[in-house]
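Chemist: What follows is a structure written as structure tokens; I'll ask about it next.
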Amino acid sequence: MLSGMILVVAALAEELATGLNLCTRREKQRRPGLSLWTGEYRGRTAQFLKLGIGPHRAAAALSAALATLKPNAVLNIGYAGALDPALELGDIVIGTRADLLSSESRGAPLDRLGLEGSWPLCAADELLGKALSCGLRARAGIVLTSRWVMGAPEHKRILFDRFGAAVVDMETAALARVAAAASVPLGCARAVSDRAQDDFLAFLSYDPETGAVRRAARGIAAGGWLRRLHEWRAGSAAARRSLSSLLGRVLEAG
């Protein structure tokens, strides 16, 4: 399923770099409005697209790319927050399905949020096999996509109990909807950058009664920034290592 030309996509430049940095040759493509590269790894060529953060921005970038590119498959990679308390930093979750929290639920209590839709994800068995073959802690599971940061431990617990998803991110389901409309298979591999019990993103977490600016101000007032920064760096570093190992196996398979 991941043979032929694949388009690797990620929201953040540092997430995408886990694949680009493996390439012995890479070249920025001149495509207006797109952050697109072509790279070669062990004789295999792949394309890499930076999406931007959030479902709307990511979906728009992928839609624009698929209007001109013709990949055999899209592979969405990146960090994610664990909802399953059994997951540890750097664990890989291979998506089997992507669920999108409804935008119409905005302002509702967290335990009343609904789903806007669900989309199957491709190549889960193949990706899981590759992750396990390079010694990674990996499992398959549902990816929940939210338009809002979900960083408070109590929020993660509610979402896990309500939807049974392994991880939460801000792009996968929106990308799956775009890929399905274009009849292009989309697979997903997310690495855990914060565990279910971690609270360093709690000040940004969903709150129906508080806007983003007030949440940020609340975080500043709460202090503990050195601890938050240290935990974020540790989590993202573990996630990057795992993603790099997995992408090396995916890209070399050809």
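Taken together, the values in this text are just the output of simple stated rules run on the coordinates, not laboratory data. These numbers were taken from a predicted model, which means no experiment stands behind them. Cβ atoms come from the backbone with ideal geometry, glycine included; neighbour counts cover every protein chain shown.
Chemist: Please compute the length gained on full extension between Ala17 and Glu154, using 0.36 nm multiplied by the number of residues separating them and subtracting their Cα-Cα distance.
Modeler: Working: separation 137, 0.36 × 137 = 49.32 nm, distance 3.19 nm.
Extra length from Ala17 to Glu154 when fully extended: 46.1 nm.
Chemist: Taking the Cβ-Cβ separation of Ala67 and Met5 as r and a Förster radius of 25 Å, what is the calculated FRET efficiency to the nearest 0.05?
Modeler: 0.95
Chemist: Work through the residues other than Trp37 whose Cβ is under 12 Å from its Cβ and net out their charges, Lys, Arg +1 and Asp, Glu -1.
Modeler: +4
Chemist: Still on this structure: Please name which of Trp37, Cys122, Ser236 has its Cα lying farthest along the dipole of the chain towards the positive end, using unit charges on Cβ (Lys, Arg +1; Asp, Glu -1) and the Cα centre as origin.
Modeler: In the chain, that residue is Trp37.
Chemist: May I ask you to derive the relative contact order of the chain, considering only C-alpha pairs under 8 Å and at least 6 residues apart, and to give it as an integer percent?
Modeler: Taking the mean separation of contacting Cα pairs over the length of the chain, I get 26 percent.
Chemist: Most fluctuating residue of Thr145, Thr96, Thr24 in a GNM of the chain with Cα springs under 10 Å: which is it?
Modeler: Thr24
Chemist: Does the chain classify as rounded, prolate or oblate by the C-alpha gyration tensor (a ≥ b ≥ c root eigenvalues; a/c under 1.5 gives rounded; else a/b over b/c gives prolate, otherwise oblate)?
Modeler: Prolate, because a/c is 1.5 or more and a/b exceeds b/c.
Chemist: About the Cα centre of the range 6-253, how large is the charge dipole given +1 on each Lys and Arg Cβ and -1 on each Asp and Glu Cβ? Please answer in debye to the nearest 20.
Modeler: Magnitude of the dipole: close to 760 debye.
Chemist: Can you compute the modelled spin-label distance between Ser183 and Arg241, with each label point 7 Å from Cα toward Cβ, in nm?
Modeler: Here the modelled spin labels are 4.4 nm apart.
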